[in-house]
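Everything below concerns the one structure shown next.
The values are calculated or read from the model by the stated rules, or taken from the named source; none is laboratory data. Model, not experiment: these values are computed from the prediction. In this analysis, Cβ positions are derived from the backbone assuming ideal geometry, glycine residues included, and neighbour counts consider all displayed protein chains. Areas reflect the complete protein model, heavy atoms only, side chains present, ligands, DNA and RNA absent. Shrake-Rupley method; radii C 1.70, N 1.55, O 1.52, S 1.80 Å.
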Amino acid sequence: MYFQSERATKDNGTCKDSIDMDLFLHCSLVPSVLIILALSFLEKRTRKTSIDDKIQLLDRRFGFVIPLDLIGTFNNRWTYGFAFGAIANKVMSLFSEEYLPAGVPTWARALGLLLGAIEVGLAFYPIFACLTTDNKIIGSVTGFLYSLTWLIVTLVDIVTCPHGDKIGDYDKVIFNWPCLLCLSFLLGRFVHVFIKSIRIMMGADIACEEKRFLPIHQAEHVKRLFRKPVQVQKTWFERKIYDSDPCFKFPSRMIGTTVLSLFCLYVFITLEFGAFHLVVQALNSLEANMAQLEPDVTWSGYNQTVASMKEFNGALEGVWFFTTFLAGFITVSYIFHILVCYRKHMKRLWVGEKSFLPAKYHKPSASQSVAAIARYSGWQVAYILWGYLIMHIVQTFLGLAFVYALVFPVKHGKGIAMLQGLGLSILTIAIVIALMVLQVILATTFFLQKKIYPEDKGKPLALNNRKAFHNFNYFFFFYNVILGLSACLMRLFCSLILGSWLIGRIDRTILQRGYESADMGYNTWIGMIYVDHYHTNPSLLCFCNILLTNSAEKRLRESQDYYSFSNPTGPRRPTRARTRWLLYYTLLKNPRLIIQRKVKEQGDEDTKNIVSQIRLIHASVLEADMRNNQEGPIDIKCVEIKEGRTLFYD
């Protein structure tokens, strides 16, 4: 047996919690608010207000503090991931409504849970804010001290009383080691940020720009679009499992959600293990009590009932133990597979492909999409946990059915009868499938006309031998009524299995076509990827970056103070001549655009028709000449951003 029926536990009198962690969470709100106010004072607002004119000391102080940019942050992604991992235990406590304020009426439970969630978020707000603030020295020192406080308090609580009331011995150690690991990583990260900031202040290191309008990997992605694709031999792992792309990075939201999902899944499986242990203890106690009553019972079937109870307990323990690993492995694979689907969907949206989405989602609501990206991380964790639990329960029932249908008959010496029944079932299913295949073969052989062309793969959808087909259709009608009942049950069984198997996948809907809008999780996924598509599209960001760079260079050239430095060799090139040259080069490489050019309004219709015909002839001649002379791909100029300047090169 995988679980012991008896286990020694610590007496409550010998192990008492020295620190009330819930009370400490409430008390941590005071330093949390003070840290937020201090970081807000150091953060300057973009524009001045009337109060800044009245109080000169403010000078645009008390700006908004951002804990985490969930859309466009691609730096320090794993740092934010471990910051999410540090709050995994508190997130699981929110699921159990542990932070629901006392005395809240039933109708206001939703509002009470909101207050509890805000309290937990406010308690851990300084950790995220200290990571994102521009004042690295103050942020690193403050974040280090605040994280160290949480680490010390958690360690003291574990050391003084490592046992709990959930799974027994060393309960707190099992549950809190991921939190301790993440807090330790954050302490090292804050120390690294502090040392690096000091080196930058002393001039020993160069400050790297972390916040870029156009991230480097997205600029490389756009440059790669202008190059001719190169075929690279991929390994089996890259072809079958995962193919890394250096020009694509997951945002911090996806990395943080992944880490949080893994830690929450670990805590959830541990809690489930403890709960199932209590169930096994209850079943074993029931079995022992029934065995003690056996001598006093005269019922002939009582011994068989006790034996069946013992077999059920053993089968349940074995199946549950096996399906725990199976369901856990599948759920972990889902967590990483969602990242793969995110990259695949984003790349499809970048090239304008929306065929993988239902038609109603090709133009999503902007407000729903913005709300979806705020819901995604929390809903993803909840879907993963509920998906694991439902899949585990279904797998347990299927495992018990397998044991009772195949294992126990062999164990009790009824293997021959079991094989006979199994053979009859397989034979019946085979006959049903054979009759279904027979209908397709008859339709292909006798009731379809011949191929139109010999090279066609299949026959056309045109009936032949219509009278025979009508008789065939009539007689098989009565049999298909019976066959339809079996097909309907099979459809229900497949829907149950696939629905329970994919309930944790928020990136795909488990509802039928036309009912996708009822799947709120799938709606959240669609809205999230659309927000990322509109705000992190590499081509759009590259285009905007070129416009901003050109605008900055133009303002620099027009500045009187720097005119002599930006134009040392002579006067500027005429804007009109440069525009005409670019127009000529564009039309030379794209002759078809000549036809679409606007015709001047002067002149009658005959003149306009003549001009259009001349342009058509010119375009055809240029296109034919280019097609004849072109031996390789068109030489398109690529764009590279260096040190705030736009460089064009062949």
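Laid out as a table, the results:
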quantity: Unit charges at the beta carbon, dipole of segment 341-400: most positive-side option, A382, L349, G399; calculated: L349
quantity: Listed residue (L422, F194, F273) projecting farthest to the positive dipole end of the chain, Cβ model; calculated: F194
quantity: Apportionment of accessible area to carbon and sulfur, segment 213-315, percent (1.4 Å); calculated: 63 percent
quantity: For segment 313-439: accessible area per residue (Å², 1.4 Å); calculated: 54 Å²
quantity: Positive minus negative residues near L42 (Lys, Arg vs Asp, Glu; Cβ under 9 Å); calculated: 0
quantity: Gyration tensor verdict on segment 406-505 (Cα atoms; rounded if a/c is under 1.5, prolate if a/b is larger than b/c, oblate otherwise); calculated: prolate
quantity: Value at 222 nm in deg cm²/dmol, rounded to 500, when DSSP H runs of n ≥ 4 in the chain each add -39,500 (n - 2.57); calculated: -22000 deg cm²/dmol
quantity: Set K90/K136; K310/K411; K249/K354 screened for pairs whose C-alpha atoms are more than 19 Å apart; calculated: K90/K136; K249/K354
quantity: Charge dipole of the chain about the Cα centre (unit charges at C-beta), most positive-ward option of V120, Q596, N76; calculated: Q596
quantity: E516, E553, ranked by accessible area, largest first (probe 1.4 Å); calculated: E553, E516
quantity: Percent RCO, i.e. relative contact order, over segment 264-398, from Cα pairs under 8 Å lying at least 6 residues apart; calculated: 41 percent
quantity: Within the accessible area of segment 416-532 (1.4 Å probe), percent carbon and sulfur; calculated: 72 percent
quantity: Solvent exposure of segment 122-189 as accessible area per residue, Å², 1.4 Å probe; calculated: 40 Å²
quantity: Heavy atoms of W236 accessible to a 1.4 Å probe, total area in Å² rounded to 10; calculated: 150 Å²
quantity: Accessible surface, 1.4 Å probe, highest first, among residues S551, S28; calculated: S551, S28
quantity: Distance between segment 93-138 and segment 139-195 - C-alpha centres, whole angstrom; calculated: 18 Å
quantity: Mean separation of Cα contacts under 8 Å, 6 or more apart, over the residue count of segment 84-148: relative contact order %; calculated: 23 percent
quantity: Cα centre as origin, Lys/Arg/Asp/Glu Cβ charges: segment 111-246 dipole, Debye; calculated: 860 debye
quantity: Volume per residue that the Cα convex hull of segment 69-154 spans, once the total is divided by residue count, Å³; calculated: 116 Å³
quantity: F84 - accessible surface, heavy atoms, 1.4 Å probe, Å² rounded to 10; calculated: 40 Å²
quantity: Percent accessible area from carbon and sulfur atoms, segment 346-396, protein chains only, probe 1.4 Å; calculated: 65 percent
quantity: Per residue accessible area in Å² of segment 201-283, where ligands, DNA and RNA are left out and the probe is 1.4 Å; calculated: 62 Å²
quantity: Cα-based equivalent ellipsoid of the chain: semi-axis lengths in Å, sorted from largest, via gyration tensor; calculated: 58, 48, 20
quantity: Mean-position separation - Cα centroids, segment 428-450 and segment 362-376, in angstrom; calculated: 48 Å
quantity: Amide H within-cut-off set for L448, under 5 Å, with H built and near neighbours excluded; calculated: N464
quantity: Y522 - accessible surface, heavy atoms, 1.4 Å probe, Å² rounded to 10; calculated: 20 Å²
quantity: Charge dipole (debye, nearest 20) of the chain; +1 at Cβ of Lys and Arg, -1 at Cβ of Asp and Glu; calculated: 3440 debye
quantity: Relative contact order [Cα under 8 Å, 6+ residues apart], the chain, whole percent; calculated: 15 percent
quantity: Accessible surface, 1.4 Å probe, highest first, among residues D507, D456; calculated: D456, D507
